[in-house]
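Q: What follows is a single structure, and I will ask about it in a moment.
The values are calculated or read from the model by the stated rules, or taken from the named source; none is laboratory data. This is a predicted model, so every value here is computed, not measured. Every residue, glycine as well, gets a Cβ built from its backbone with ideal geometry; the counts of neighbours run over all protein chains shown. For accessibility, only protein heavy atoms count, side chains too; no ligands or nucleic acids. Shrake-Rupley method; radii C 1.70, N 1.55, O 1.52, S 1.80 Å.
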Amino acid sequence: MSMEQGDKVFLATILVVDDTPHNLLILLGFLKKEYNVVTAESGEQALKYLEDNPVPLLILLDIRMPGMDGYETCRRIKANPKTRNVPIIFLTALTSEEDELLGLSLGAVDYVTKPFKLPILRSRIKTHIELQQKLSLLDNLSLIDPVLLVPNRQYFEYYIQKKWMRMEVGGGYLGIALTKVASDPQLPDEEAQALLHAVVETLRGASVLPGVVVTKYKDAIFATVAPCEQQATIVALVEGARRHLAASITEKFKENLQSVTLQTGLAISPKNGELLSARIVRKAEELLESAAASDLDAVAWELMS
């Protein structure tokens, strides 16, 4: 299975775990034209690969291996939040019903006994990878606001945690700006939706630095997550985005919109992630409330300590 992006073709990755090199060579030769096949000769080696690399779409796992057997390897894979959703197919010479039930009870999606027929194995692999790709697509869709087609609050929470963990290692600052669009309450629904689409489009267009993401926060509030090396860069980014936004709204809605105000609360973390990300979000909310209390275009920002 492959996905195309431009002129590039990306093969789905399968991790094959077996302590017998001959078995690995057979599966590698059989599958390499359709998949990116990675091999491991032990459970320990497989876990190390999974820890250090992006997760594969499927794992083929032998059961009888010296040291950590396939059952224990499966248990550890399913116990790790990073890998728990990767489907596992056991490949084994164990043929009893009890062995199969044990494998499935540990979370495996399939159980194929040796000697396996390669065409049948290919068919099962194809089925499970297609299912996994569909599930991944559904997961991605669940992170998108269906109306505005912008990342939603769930993605916002995920993204700030991801950036926060990187900051603790690599340093820098994290800015979270919450921008509220307050418009004429008599604005027709169609115009109100067009206004929100324009806000998303403009904020995205103005947030061009690497790693900066715009998401919906709630209602007519949008979040800009800005990881940067310098505090001044974050402030300049947010203020520039507001200017672009005000000009864009004035131009696009000047005939139909009697009044619109933009209020922004911007909180910037101390360097190197010395505060919990949830505190930065709460501070951004407080600053937005402070800006909104004026009922005028306003920005309130603070460098936290």
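Q: Can you give me the angle between helix 277-292 and the longest principal axis of the chain, using Cα atoms only, in degrees from 0 to 90, rounded to the nearest 10?
A: Here the helix axis deviates by roughly 20 degrees.
Q: Report the gain in length on full extension from R279 to E97: 0.36 nm times residue separation, minus Cα-Cα distance, nm rounded to one decimal.
A: Working: separation 182, 0.36 × 182 = 65.52 nm, distance 5.26 nm.
Stretched out fully, the R279 to E97 stretch lengthens by 60.3 nm.
Q: Counting only heavy atoms of the protein chains, get the accessible area per residue of the chain (1.4 Å probe) and round it to a whole Å² value. Before the final figure, lay out the partial values.
A: Values: 16320 Å² over 305 residues.
Spelled out: the 1.4 Å probe surface of the chain, per residue, equals 53 Å².
Q: Run the quick spin-label model on E191 and K126: label points 7 Å from Cα toward the beta carbon, then report their separation in nm to one decimal.
A: Placing both labels 7 Å along Cα→Cβ, they lie 5.6 nm apart.
Q: Right, another one. For the stretch 71-77, take each phi angle, set θ = phi - 60°, evaluate the Karplus expression 6.51 cos²θ - 1.76 cosθ + 1.60, and give the result in whole Hz per residue in order, putting x for glycine and proline.
A: 4, 5, 4, 4, 4, 6, 4
Q: Can you list residues whose amide H is under 5 Å from V150's amide H, if they're 5+ apart or on another chain and H is modeled 1.01 Å from N?
A: Result for V150 returns D145.
Q: Against the longest principal axis of the chain, how steep is helix 153-170, in degrees 0 to 90 to the nearest 10, with axes from Cα atoms?
A: For helix 153-170, the angle is close to 80 degrees.
Q: Which value in deg cm²/dmol, rounded to the nearest 500, describes the helix-derived mean residue ellipticity at 222 nm for the chain, given -39,500 (n - 2.57) per DSSP H run of n ≥ 4 and division by the residue count? The partial results should precede the final answer.
A: Details: 9 runs with 139 residues, N = 305.
Calculated from helices alone, the mean residue ellipticity at 222 nm is -15000 deg cm²/dmol.
Q: Highest GNM mean-square fluctuation, the chain, Cα pairs closer than 10 Å: which of L195, L266, L104?
A: Among L195, L266, L104, the largest GNM mean-square fluctuation belongs to L104.
Q: Return the tail of the calculated pair distribution for the stretch 74-138, meaning the percent of Cα-Cα pairs more than 21 Å apart.
A: When every Cα pair of the stretch 74-138 is considered, 29 percent fall beyond 21 Å.
Q: Report, to the nearest whole %, how much of the accessible area of the chain belongs to carbon and sulfur atoms, 1.4 Å probe, protein only.
A: 53 percent
Q: Once label points are set 7 Å from the Cα along Cα→Cβ at both D219 and Q133, what is their separation, rounded to one decimal in nm?
A: 4.2 nm
Q: What Kirkwood hydrodynamic radius, in Å, does the chain give when the mean of 1/r is taken over all pairs of distinct Cα atoms and then inverted?
A: Computed over Cα pairs of the chain, the Kirkwood hydrodynamic radius comes out at 22.6 Å.
Q: Using the beta-carbon distance between S290 and L104 and R0 = 51 Å, what value does 1/(1 + (r/R0)^6) give for FRET efficiency, to the nearest 0.05? Don't skip to the end; give the middle numbers.
A: Working: r = 56 Å, r/R0 = 1.10.
The formula returns an efficiency of 0.35 here.
Q: Can I ask one more? Using mean Cβ contacts within 10 Å as the protection proxy, how do 124-132, 279-287 order, highest first?
A: On the way: 124-132: 16.9, 279-287: 18.4.
Ranked by mean Cβ neighbours within 10 Å, highest first: 279-287, 124-132.
Q: OK, next. Relative to the present Cα-Cα distance, how much length would full extension add between L118 and L28 at 0.36 nm per residue of separation?
A: Extra length from L118 to L28 when fully extended: 31.2 nm.
Q: Anything over 32 Å Cα to Cα? Flag those among K78/K218; K126/K163; K134/K216, in the order listed.
A: Over 32 Å Cα-Cα: K78/K218; K126/K163.
Q: Can you give me the C-alpha center-to-center distance between the stretch 25-103 and the stretch 176-241, rounded to a whole angstrom?
A: Cα centroid to Cα centroid, the span is 44 Å.
Q: Also: Q161 to K252: extension gain in nm, 0.36 nm per residue of separation minus the Cα-Cα distance?
A: Working: separation 91, 0.36 × 91 = 32.76 nm, distance 3.55 nm.
That works out to 29.2 nm of additional length.
Q: Same structure again: Rounded to the nearest 0.05, what FRET efficiency do L11 and E44 have when you use their Cβ-Cβ distance and R0 = 30 Å?
A: The computed FRET efficiency comes out at 0.70.
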